[in-house]
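Right, one structure below, let's go through it.
The values are calculated or read from the model by the stated rules, or taken from the named source; none is laboratory data. Given the structure is predicted, the values throughout are model-derived calculations rather than measurements. Ideal geometry is used to build each Cβ from the backbone, glycine not excepted, and the neighbour counts take in all protein chains shown. The area values use the complete protein model at the heavy-atom level, side chains included, leaving out ligands, DNA and RNA. Shrake-Rupley method; radii C 1.70, N 1.55, O 1.52, S 1.80 Å.
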Amino acid sequence: MSTTVADRLLERLREWGVEQVFGYPGDGINGTLAAFSRADDQPRFIQARHEEMAAFEAVGFAKFGDMPAICMATSGPGAIHLLNGLYDAKLDHVPVVAIVGQTNRTAMGGNYQQEVDLISLFKDVASEYVQMVTVPEQLPNVLDRAIRISMSRRAPTAIIIPNDVQELDYEPPTHEFKMVPSSLGTMGWPRLTPDQDALEEAAELLNAGKKVAMLVGQGARGAGSEIEQVADLLGAGVAKALLGKDVLSDELPFVTGSIGLLGTKPSYEMMMNCDTLLTVGSNFPYTQFMPELGQARAVQIDIDGSLIGMRYPYEVNLVGDASSTLAALIPLLERKPDRGWQEDIEKGVSRWWEVMESEAHVPAKPINPMRIFHEFSKQAPENCIIAADSGSAANWYARNVRFRGGMRGSLSGNLATMGPAVPYAIGAKFAHPDRPAIAFEGDGAMQMNGLAELLTIARYWRDWRDPRLVVAVLHNNDLNQVTWELRAMGGSPRFVESQALPDTSYAEFAASIGLGAKTVTDPEHLEDAWRDALSADKPYVLDIHCDPDIPPIPPHATLEQMTDMAQALIKGDPSRWGVIKEGIKTKAQEFLPHNQDDS
């Protein structure tokens, strides 16, 4: 039997080391689906419940794995459904390759059923590379370039293959005019380091500083040892952008935690009082949480020259790999004899974790959502992978989960879309089937798509060496993040018709499809619930009923935000008395005495 273009497509993916393709079927990829059957499902076709979920699963695989992920969908509506996940990949700099079908070439341009101009559709989201294969000889070059560009630019790319082309006999490119042969693989990427003059200029600036703050993001992943050495030499504190939460352990006393609206008080105070800033691998966009303009001299290190020099008036901009650049910088740095600045930061960090524990134990009806994350953090396996959804789950993930060991974590950092936590965790399990995964999901996102993806978990979990995948649902019957945004940013009371969610039992649904499940309504049962879920021999859903009135008050909340919230409550917010009561109790924990001697 002759080899078709679709057969060669799957063969080439196998040669690249691809072991799974996240997708959903449709007649626009029938030729490729038939090739999967002939190839004995190698690479394996992982069927999501929706194309958007397939894209999110690919993003989760690529975020937590070490190679690009592949997602696949049919033409027209299937291709359109991939877009949200691909934009998530684009904005968070994640290598994902989308392979989509198209109507037959003879029908293109004829206003045919499900015909969409896919080149135009993907031109923005896959701006680094989008191409259509129209003849068999194109295939290897187009596929290889899509994978390499995705890897090198850390961006989504897209390949469009009309269904009739998928079924053509494959012919390789020949050695003649206007043919483009291709080659397989890479031998590794160079480690870019700035020149010596630039390094010396940066070192001079950093050595001159007396109060040094560091900000690290996901681009600093893998440079933890060098960051620790630099922080020790400079007597600095280290704040983490949310996508870089797993770059450095929160057990280190000088790590101040997250920065920004979801950040910590120690991070905010460090930035407001520093005289020198070193940013490594971060494009954190919210300048108002960085030092006042003119307050600090600053150095930035980033591998992407197109992002260098943004967000703050840096004096020295170093384009280079975080690890190798810091390693080259370390011999030029002088150890600061005065450790007072770092010691003050460490006292603030210690106090902060005590406050977080106290706030997590503030009584609520029925459960304080911070307690969910606090109890998990105490038991979290050191090799676990955590996915947090957008919304209130992101608030508590940012502040209350204390990373240590080899823990990994991520969320939709820049698109901040709802719904990726469960599919991220599924993707993570295919990247690391021997590690436990945890998804923190609001009930809004759970109703949006998480319930359906529990079926995907039920289908595949027996293939994972470690079967543990825990979905913790924050069950408060409210689209809680938007509710708080209405109050704090718009001064508007909660609008019940848009914010209230229909009640359902997530645990009962999970149990009905064979997953472990438990409903938790008492905070004193949380510790045991997490112990059961994290030691289970199958995936597990914790349906945790929590209080929507616990406010995600930033420790640095502005007067304007507090005034807007007060106005919203005065206007007749239906939860106003619960919000006021819980807000006062929560905020009070920052001022009550704790075990730490602050003298």
Kindly evaluate residue 181 against the criterion of being open to solvent by 70 Å² or more (accessible area, probe 1.4 Å) and under 34 Å from the mean Cα position of the chain (by Cα). no
What is the residue count in the stretch 520-541 for residues that are closer than 21 Å to residue 369 by Cβ and either surrounded by 19 or more Cβ atoms within 10 Å (Cβ to Cβ) or of a type in the set (Asp, Glu) (or both)? 13
Pairs, first under 17 Å from residue 474 (Cβ atoms) in the stretch 358-385, second among the basic types (Lys, Arg), C-beta under 6 Å, six or more apart: 360/371; 362/585; 377/402
I need the full set of residues from the stretch 453-484 which are over 24 Å from residue 369 (Cα atoms) and not aromatic (Phe, Trp, Tyr), in order please. 455, 456, 457, 458, 459, 462, 463, 465, 466, 467
So residue 399 ticks every box in (1) assigned to a helix (DSSP H, G or I); (2) modelled with pLDDT of 95 or more but one. Which box is left unticked? (2)
Of (1) hydrophobic (A, V, I, L, M, F, W, C); (2) at pLDDT 95 or above; (3) within 25 Å of residue 93 (Cα to Cα), residue 67 satisfies all except one. Which? (2)
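Yes/no per residue for (1) part of a helix (DSSP H, G or I); (2) open to solvent by 10 Å² or more (accessible area, probe 1.4 Å):
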{"position": "406", "(1), (2)": "no, yes"}
{"position": "414", "(1), (2)": "no, yes"}
{"position": "418", "(1), (2)": "no, yes"}
{"position": "428", "(1), (2)": "yes, no"}
{"position": "434", "(1), (2)": "no, yes"}
{"position": "438", "(1), (2)": "no, no"}
{"position": "449", "(1), (2)": "yes, yes"}
Candidate set: the stretch 93-125, residues that are of a type in the set (Gly, Ala, Ser) and without any contact (Cβ under 8 Å) to a residue 60 or more places away in the chain; chosen: the one nearest to residue 73 (Cα to Cα): 120
Taking residue 250 as the residue in question, decide whether it is closer than 24 Å to residue 64 by Cβ and among the acidic types (Asp, Glu). yes
Cβ pairs under 8 Å, 6+ apart or interchain, first in the stretch 541-552 and over 23 Å from residue 425 (Cβ atoms), second among the hydroxyl-bearing types (Ser, Thr, Tyr) and open to solvent by less than 10 Å² (accessible area, probe 1.4 Å), ordered by first then second residue, are 548/483; 550/586; 551/586
Looking only at the stretch 28-44, decide whether some residue is of a type in the set (Phe, Trp, Tyr), under 14 Å from residue 424 (Cα atoms) and either in contact with a helix residue (DSSP H, G or I) (Cβ under 9 Å, 6 or more places away or on another chain) or modelled with pLDDT under 95 (or both). no
When residues of the stretch 285-320 are limited to those that are in contact with a Ser or Thr (Cβ under 7 Å, 6 or more places away or on another chain) and closer than 20 Å to residue 92 by Cβ, the one modelled with the lowest pLDDT: 311
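So that you can scan it fast, the table gives a plain yes or no per residue for (1) of a type in the set (Ser, Thr, Tyr); (2) open to solvent by less than 50 Å² (accessible area, probe 1.4 Å); (3) modelled with pLDDT of 95 or more:
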site	(1), (2), (3)
118	no, yes, yes
125	no, yes, yes
128	no, no, yes
141	no, yes, yes
144	no, yes, yes
155	no, yes, yes
160	no, yes, yes
166	no, yes, yes
171	no, no, no
Here is a check on your reading of the model: is residue 42 among the polar types (S, T, N, Q) and out of contact with any Gly (no Cβ under 9 Å at 6 or more places or on another chain)? yes
Read through the list (1) farther than 28 Å from residue 433 by Cβ; (2) of a type outside the set (Asp, Glu); (3) under 15 Å from the mean Cα position of the chain (by Cα), then give the number of the only condition that residue 31 fails. (3)
Which of (1) closer than 23 Å to residue 211 by Cα; (2) open to solvent by 40 Å² or more (accessible area, probe 1.4 Å) is the odd one out, the single condition residue 300 does not satisfy? (2)
State all residues of the stretch 357-368 that are surrounded by 22 or more Cβ atoms within 10 Å (Cβ to Cβ) and in a helix (DSSP H, G or I); if no residue qualifies, say none. 359, 360
Do you know which residues across the stretch 247-281 are crowded, with 24+ Cβ neighbours inside 10 Å and farther than 25 Å from residue 339 by Cβ? 281
Options 76, 85; residue that is closer than 13 Å to residue 98 by Cα and in contact (Cβ under 8 Å) with a residue 12 or more places away in the chain: 85
Taking residue 244 as meeting all but one of (1) buried (at least 21 other Cβ atoms within 10 Å of the Cβ); (2) more than 25 Å from residue 350 (Cβ to Cβ); (3) in contact with a Gly (Cβ under 9 Å, 6 or more places away or on another chain), write down the number of the exception. (2)
Tally of residues being in a helix (DSSP H, G or I), touching a Gly at 6+ places or on another chain (Cβ under 8 Å) and open to solvent by 10 Å² or more (accessible area, probe 1.4 Å) across the stretch 370-396: 1
Could you give me the residue pairs with C-beta distances under 6 Å whose first residue belongs to the stretch 495-514 and is surrounded by fewer than 16 Cβ atoms within 10 Å (Cβ to Cβ), whose second residue is assigned to a loop (DSSP other than H, G, I, E, B) and at pLDDT below 95 wherever it lies, and which are 6+ apart or on separate chains? 503/477
